[in-house]
Amino acid sequence: MRQRRVTMQDVADAAHVSKTAVSFAFNDSSRLSETTLRHILAVAEELGYAQDPAARMLRTRRTSSLGLLLPQQLDLVLTNPYYTQFLQGVGQTCHQEGYTLLLAPPLRGSMLKAIPYAAVDGFIVSGLETDRGEVSALRQRKIPFVLVDSEPVEGVSSIEIDDAEAVQSLVEHLLDLGHRRIGVLAIDTGVDVEWRQWHGPVKRRLLGVEAALATRGLSLDDPQVQVRQVPCTRGGGELGFEQLWADGGKRPTAIVCFSDIIAMGALAAAERAGVQVPQDLSVTGFDDLAEAENTRPGLTTVRQPIETKGRLAADYLVEAITADQQTPAARQMRLHTVLLLRGSTAPPPAH
């Protein structure tokens, strides 16, 4: 037989206090003496009482939960160590401020559809390449939100890096080494259009490639430069390498990957194909994940402060949530990146 749930009234009866006093003990303890508070909490623990979270949400209009609106389905996100580091930063703020965290992947392929089903006080929106209604929906529902690695929106706090500048310095390094046949493995945008119509960090990173090539009189339209969209996974990197390597006459001497996880897949596929890195092929990444230094050879990459991104995004969001009726000033933060040169890059092979 199912046991009846212990109620606030049960605690009040057992503790010989009013129901209001029990409510104060869990929601506004400063209104009780220390002795009364300890007595009520001890009785509640003995009875196994726990607040009904739904009732508490209705009463306070708060969930004490932050939402992370993700650009990819959850199974793919959890295979990418980038999000592990990002969540560590978010988690620091959640722990400090007393919030839980809800992951909200796209619902039936749509970030917009996921918004109404997430019981949160505000959203961190990650990787929103184009606004397909998400910003309008959040504003209409008066839900605080912060953008990370997204297209800037006036009046909304955001955290980003200079993707174009970071990739430009990386590609210029390869050009300085003598590479001219370059393959680019870009993160899949989900749209089959010409790259100039892309948006968000993927577009900005490709603009960085374009700017670097222009310093040598080259362009993305040059037949020696190949651009492929691949999933942001190890499997995507493996697929990208296989596509670039399939045409023997156009094989690149260097592959620029728009994430470390893609680069690690490319390295694995190159090893299986008997291609030596960096003697036969240079490979670069972007992120500087913990694994990047321990690949063989170590991965030349761009370090971005992933954990700091997560912590600042959560800080800005909590600030917006706790601002009561006031609208806090939007804060735009652009974080610095660093080019790290390791063993996966070298001059192109003589032949």
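Test of understanding: ordering H179, H39, H16 by Cβ neighbours within 10 Å, fewest first, what list do you get?
Exposure proxy ranking, most exposed first: H16, H39, H179.
Can you sort T253, T189, T284, T84 from fewest to most other Cβ atoms within 10 Å of each residue's own Cβ?
Least crowded to most crowded, the residues run T84, T189, T253, T284.
Let me spell out the model: positive unit charges on the Cβ of Lys and Arg, negative unit charges on the Cβ of Asp and Glu, origin at the Cα centre of the chain. What dipole size does that give, in debye rounded to 20?
Numbers: 35 positive and 42 negative charges, 162 e Å.
Roughly 780 debye for the chain.
Quick check on the chain: of the DSSP beta bridges with both residues there, what percent are antiparallel, nearest 5%?
In the chain, approximately 10 percent of DSSP beta bridges are antiparallel ones.
If you take the charge dipole of the chain about its Cα centre, with +1 on Lys and Arg Cβ and -1 on Asp and Glu Cβ, which of P144, I306, A42 is farthest toward its positive end?
Selected residue: A42.
Pull out a ≥ b ≥ c, the square roots of the eigenvalues of the alpha-carbon gyration tensor of the stretch 163-304, then state rounded if a/c is under 1.5, prolate if not and a/b is larger than b/c, and oblate in the remaining case.
Working: a/c = 1.26, a/b = 1.19, b/c = 1.06.
It comes out rounded by the Cα gyration axes.
Given R₀ = 35 Å, what would the calculated FRET efficiency be for Q9 paired with Y117, taking r from the Cβ atoms and rounding to 0.05?
Efficiency for this residue pair is about 0.65.
Using +1 at the C-beta of Lys and Arg and -1 at the C-beta of Asp and Glu, which of A330, P278, I255 has the Cα lying farthest in the positive direction of the dipole of the chain?
A330
Against the longest alpha carbon principal axis of the chain, how many degrees, from 0 to 90 and to the nearest 10, is the axis of helix 81-97 turned?
30 degrees
Where in the stretch 206-243 is the amide nitrogen less than 19 Å from a point lying 7 Å along the Cα-to-Cβ axis of E291?
Taking a point 7 Å out along Cα→Cβ of E291, the residues of the stretch 206-243 whose backbone N falls under 19 Å are 230-242.
Could you pull the Rg and Dmax for the stretch 77-126, using just the Cα atoms, both in Å?
11.9, 33
Could you go through the stretch 121-126 in sequence order and give the Karplus-derived ³J(HN,Hα) for each residue, using 6.51 cos²θ - 1.76 cosθ + 1.60 with θ = phi - 60°, rounded to whole Hz, and x for Gly and Pro?
8, x, 10, 9, 9, 9
Nearest 20 debye, what's the magnitude of the dipole of the stretch 1-47 about its Cα centre given +1 on Lys and Arg Cβ and -1 on Asp and Glu Cβ?
The dipole magnitude comes to about 220 debye.
Amide H of F145 versus every other amide H placed in the peptide plane: which residues, excluding those fewer than 5 positions away on the same chain, fall under 5 Å?
Those lying under 5 Å, H to H, from F145 are F123.
Using only Cα atoms, tell me the angle between helix 200-214 and the longest principal axis of the chain; keep it within 0 to 90° and round to the nearest 10.
20 degrees
From the helices alone, meaning DSSP H stretches of at least four residues, give me the mean residue ellipticity at 222 nm for the chain, per-run term -39500 (n - 2.57), in deg cm²/dmol to the nearest 500.
Helices in the chain give a 222 nm mean residue ellipticity of -12500 deg cm²/dmol.
Quick one: L103, L299, L174, fewest Cβ neighbours within 10 Å first, how do they rank?
Values: L103 15, L299 29, L174 24.
So the residues, fewest neighbours to most, are L103, L174, L299.
For the stretch 219-282, what does the alpha-carbon gyration tensor say about shape, rounded, prolate or oblate, given a ≥ b ≥ c as the root eigenvalues, a/c under 1.5 as rounded, and a/b over b/c as prolate?
In terms of gyration-tensor shape, oblate.
Could you state the principal axis extents of the C-alpha atoms in the stretch 145-229, from the largest down, to the nearest angstrom?
45, 27, 17
Test of understanding: what is the full-extension gain from L103 to L78, defined as 0.36 nm times their sequence separation minus their Cα-Cα distance? All intermediate terms of the calculation are to be shown ahead of the outcome.
On the way: separation 25, 0.36 × 25 = 9.00 nm, distance 1.08 nm.
Contour length minus the Cα-Cα distance gives 7.9 nm.
Please list, in chain and number order, the residues 5+ apart from Q72 or on another chain whose amide H is under 5 Å from its amide H, with Hs placed from the backbone.
Under 5 Å from the amide H of Q72: no residue qualifies.
Ranked highest first by the average count of other Cβ atoms within 10 Å around their residues, in what order do 196-204, 329-337 fall?
Result, highest mean first: 196-204, 329-337.
What number, in nm² with one decimal, is the all-direction average of the projected area of the convex hull of the alpha-carbon atoms of the chain?
Values: hull surface 91.1 nm².
Over every viewing direction, the Cα hull of the chain projects on average to 22.8 nm².
Using mean Cβ contacts within 10 Å as the protection proxy, how do 144-154, 219-229 order, highest first?
144-154, 219-229
Any aspartates and glutamates with Cα under 13 Å of the K250 Cα? List them, leaving off those in the same chain fewer than 8 positions away.
Leaving aside aspartates and glutamates fewer than 8 places away in the same chain, those within reach of K250 are D222, E242.
No lab work stands behind these numbers, since they all come straight from the coordinates. Everything numeric in this text was worked out from a predicted model, so none of it was measured. Methodologically, a virtual Cβ is constructed for each residue, glycine included, from the backbone with ideal geometry; neighbour enumeration extends over all protein chains shown.
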